[in-house]
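S.K.: This is the structure I want to talk about, given as structure tokens.
The values are calculated or read from the model by the stated rules, or taken from the named source; none is laboratory data. Everything numeric here is computed off the predicted structure, so don't read it as measured data. As a convention, Cβ positions derive from the backbone with ideal geometry for all residues, glycine included, and neighbour counts pool all protein chains shown. Heads up: the accessible areas ignore ligands, DNA and RNA and are worked out on the full protein's heavy atoms, side chains in. Shrake-Rupley method; radii C 1.70, N 1.55, O 1.52, S 1.80 Å.
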Amino acid sequence: EVRRLVMIDAAPRQAATREMKAQVADQLSGNYDTYLADYFGLLSRDKAISARLVDQALRTEQITFTQLLLNSFDFDLTDELNGHDIPILVIGSDSLLPDPNRALEFLDAYGYSGARTISFKTMPGVGHFVMLEEPDYTASVIAAFALQK
């Protein structure tokens with residue numbers, strides 16, 4: 001039984017177009033190492049974390065990682081969110097919620113519009129992997145949310 005749901009810098013659906021998917025597939029098949037280094041190198045403002053992400057990505061077997069990445073483009077969980085009363089907390093970086101004053105607008109566009117009980121916490125100044133860049137703060141936000149009645 002789920003009592004609360006925390007989403008960290010994620011949307012319930014992937015919004016990639018066919019063209020975007022094809023472009024990524026072409027890059028992965030033709031320039032795998034360069035593409036991964038460029039892509040994961042931009043996901044954190046912390047150079048050490050970026051280097052760690054790139055290293056881990058490049059250590060993963062190419063076919064497995066390519067399939068994982070391409071499969072991540074094809075999901076939509078918005079129907080599962082509709083109609084549930086489960087409190088949802090979305091923790092978002094600048095890339096997910098670039099304007100805290102318009103956070104609900106962004107969340108609606110990402111697919112959270114059907115969620116009945118949603119709250120959010122913006123984490124400015126961090127990249128996509130907020131839990132690696134600000135682990136203590138992320139943990140405290142999750143703990144406070146979990147303890148709410």
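S.K.: Just add up the charged neighbours of residue 57: K/R +1, D/E -1, any other residue whose Cβ is under 13 Å from the Cβ of residue 57.
M.R.: Here the count lands on -2.
S.K.: Give me the one-decimal Kirkwood hydrodynamic radius in Å for region 102-149, with the sum taken over alpha-carbon pairs.
M.R.: 12.3 Å
S.K.: Next up: Go ahead and set up a Gaussian network model of the chain, Cα springs under 10 Å, then flag whichever of 105, 133, 19 fluctuates most.
M.R.: 19
S.K.: Below 8 Å between Cα atoms, with a sequence gap of 6+, how large is the relative contact order for the chain in percent?
M.R.: Reported relative contact order: 34 percent.
S.K.: Quickly rank 114-123, 45-54 as a protection proxy: mean count of other C-beta atoms within 10 Å, highest first.
M.R.: 114-123, 45-54
S.K.: So if R0 is 25 Å, what FRET efficiency would residue 82 and residue 47 give, r being the distance between their Cβ atoms, rounded to the nearest 0.05?
M.R.: So, using R0 = 25 Å, E works out to roughly 0.05.
S.K.: Tell me the net charge near residue 117. Cut-off is 14 Å between Cβ atoms, residue 117 excluded, with +1 for each Lys or Arg and -1 for each Asp or Glu.
M.R.: Spelling it out: positives minus negatives among the neighbours equals +3.
S.K.: Of (1) 11.1; (2) 9.9; (3) 8.3, which one was derived for mean projected area of the Cα convex hull in nm² from the structure shown?
M.R.: This structure yields the entry labelled (2).
S.K.: Given the options 95, 113, 72, which has the most mean-square fluctuation in a GNM of the chain, springs set between C-alpha atoms less than 10 angstrom apart?
M.R.: Of 95, 113, 72, the most mobile in the Gaussian network model is 72.
S.K.: Given a 1.4 angstrom probe, what's the average accessible area per residue across the chain, in square angstrom?
M.R.: On a per-residue basis, 63 Å².
S.K.: Extension gain residue 23-residue 2, at 0.36 nm per residue separation less the Cα-Cα distance, in nm?
M.R.: Here the answer is 3.8 nm.
S.K.: Taking the Cβ-Cβ separation of residue 70 and residue 147 as r and a Förster radius of 30 Å, what is the calculated FRET efficiency to the nearest 0.05?
M.R.: The value I calculate is 0.20.
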